[in-house]
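Have a look at the structure below before the remarks.
The values are calculated or read from the model by the stated rules, or taken from the named source; none is laboratory data. These figures come from a predicted structure and were not determined experimentally. Using ideal geometry, Cβ is built from the backbone for each residue, glycine included, and neighbour counts are taken over all protein chains shown. In case anyone asks, the SASA skips ligands and DNA or RNA and just uses the protein heavy atoms, side chains included. Shrake-Rupley method; radii C 1.70, N 1.55, O 1.52, S 1.80 Å.
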Amino acid sequence: MSAYSELVQKLVKELSRLPGIGPRSAERIMFYLLKSNGQQVKQLSDLLVQVKEKVFFCEKCYNLSEGKVCHICRDETRDHCLICVVEEPKDVISLEKSGGYKGVYHVLLGALSPLSGVGPKELKIKELEEKIKRQNVTEVIIATNFNTDGETTALYIEKVLKPYGVKLSRIARGIPTGSNLEYVDRDTLAYAIAGRQEII
Ligand SMILES: [Zn+2]
């Protein structure tokens, strides 16, 4: 590392701060960038700046949005009394592709993970609770992943929302235990939404 120039070291350091990128991958990316032509690298850097300037988390559901409110929350034809709770914006994409859902979403922006230090305050759980308090919500479908963190999160949400008497359901099994929604095929997801079970 120390043999690199200061500028290169700085780049490697910044890259290795990205999630899932260790120092070795950061070095590999640095070499890739150096070998790419100037035009490609410029496009990438412009895109990063543009995304940061133009893409936000929807102020209603925390999905990714190129405006204050996302296209799903703006859609009047959807059922705004039905809220599907997911971990990440990519889960919204998976569920939308399944075509089996016409309500709106609430994206938690993560899952509870005591081991990684992610508690309720790090997620948009309070915001979900506020929504249930203030809006006319008839049903909340919990569609967190079927792994330990996802199940922990589902149980926690159930505990928080139960006092409000709102109907709570969990998307149906049939989704293999341990799986992330993004890898589940669209028919299974459509089935899971349609066959959701009320949490009593
Ligand atoms: Zn939204």
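Figures for the structure shown
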quantity	calculated
Estimated inter-spin distance, Leu34 and Glu6, nm [label 7 Å along Cα→Cβ]	1.8 nm
Estimated vicinal HN-Hα couplings, Hz - segment 66-74 in sequence order (Karplus 6.51, -1.76, 1.60; Gly, Pro = x)	8, x, 5, 10, 6, 5, 6, 5, 7
Selected from Glu158, Glu130, Glu182 as most flexible by GNM, with the chain as the system and alpha-carbon contacts under 10 Å	Glu130
Estimated FRET transfer efficiency (Arg74, Glu122; beta-carbon r; R0 35 Å; 0.05)	0.80
Set of aspartates and glutamates with alpha-carbon distance to Lys35 below 15 Å, sequence-local pairs under 8 removed	Glu27
Cross-link pairs Lys97/Lys124; Lys10/Lys90; Lys52/Lys126 - those with Cα-Cα distance over 29 Å	Lys10/Lys90
Aspartates and glutamates with Cα under 19 Å of Lys162, excluding same-chain neighbours fewer than 8 positions away	Glu127, Glu129, Glu130, Glu139, Glu151, Glu198
Nearest 10 degrees, 0 to 90: helix 23-35 Cα axis against the chain principal axis	60 degrees
Helix axis angle, 38-54 relative to the chain longest principal axis, alpha carbon, degrees	30 degrees
Estimated FRET transfer efficiency when R0 is 30 angstrom, pair Ile21-Phe56 (beta carbons, to 0.05)	0.80
Relative contact order for the chain, counting Cα pairs under 8 Å that sit 6 or more residues apart, in percent	16 percent
Mean ellipticity per residue at 222 nm, deg cm²/dmol - from DSSP H runs of n ≥ 4 across the chain, formula -39500 (n - 2.57)	-13000 deg cm²/dmol
Accessible area expressed per residue, the chain, with surrounding protein chains retained (probe 1.4 Å, Å²)	62 Å²
Segment Leu109-Val41, extension gain: residue separation times 0.36 nm, minus the distance between their alpha carbons	21.5 nm
